[in-house]
Amino acid sequence: MSRFAVVALLVCLGACSAPAEETTSLDAPEAAAGPVAGSSRVLPNDIATLQVEESPAVGAVVADREHYTLYFTVQDGPSKSTCLEPECTLVWPPLLAAGGKFEAPALDAQLLGTMKRPDGTEQVTIAGKPVYRYVDDEQAGDTTGHGVDDKWFAISPTGTKATK
């Protein structure tokens, strides 16, 4: 075995055995079956933050504290999520609020709330609609999830489908 191959093998083994870094995020849930890829745990005192931003593509949208667009699906009922299985939550991570705490100074407080998911976490709702991020939004301000499968849409500050 060449010296290069031995070094490469040692580097791979070291990377495989190193503990993963744990970060804090409200935007990716921990599914009942285990953590979502790329996600981390919600800490008990963490507060979800929502803000209103202007998207050149779809108009006024609600975004999370990292400026990522939030979405809803027409399949959800009032304060009831249908996106519960890993096949969905890996693509559409719910916006969670530890202890039901969130801040949204630019939004109508009467439209805001939370709902309890089957795993016990609390998901933020706007006008009764559970909200999510979209995994394919690569950077803050993206709205690539708007219109996906004709059932996922960026949510406006009034809790409706964002439109320009």
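Structure notes:
- The peptide list 85-96, 142-153, 103-114, put in order of mean Cβ contacts within 10 Å with the highest first, becomes 85-96, 142-153, 103-114.
- Sequence-distant lysines (8 or more away, or on other chains) whose Cα lies within less than 19 Å of LYS161: LYS80, LYS129, LYS151
- Phi-derived couplings, Karplus 6.51 cos²θ - 1.76 cosθ + 1.60 at θ = phi - 60°, listed residue by residue for the stretch 111-127: 8, 9, x, 9, 9, 8, 8, x, 7, x, 6, 10, 9, 5, 10, 10, 6 Hz, with x used for Gly and Pro.
- LYS161 - accessible surface, heavy atoms, 1.4 Å probe, Å² rounded to 10: 100
- For the pair ALA140 and ILE47, the difference between a 0.36 nm per residue extended length and the Cα-Cα distance amounts to 31.6 nm.
- Residue-by-residue Karplus 3J(HN,Hα) for the stretch 134-139, coefficients 6.51, -1.76, 1.60, Hz, glycine and proline x: 10, 4, 8, 6, 7, 9
The values are calculated or read from the model by the stated rules, or taken from the named source; none is laboratory data. Since we're looking at a predicted model, the values are computed, not measured. Quick reminder, even Gly has a Cβ in these numbers, built from the backbone with ideal geometry, and neighbours come from all protein chains shown. Protein only, heavy atoms only, side chains kept; ligands, DNA and RNA dropped before computing areas. Shrake-Rupley method; radii C 1.70, N 1.55, O 1.52, S 1.80 Å.
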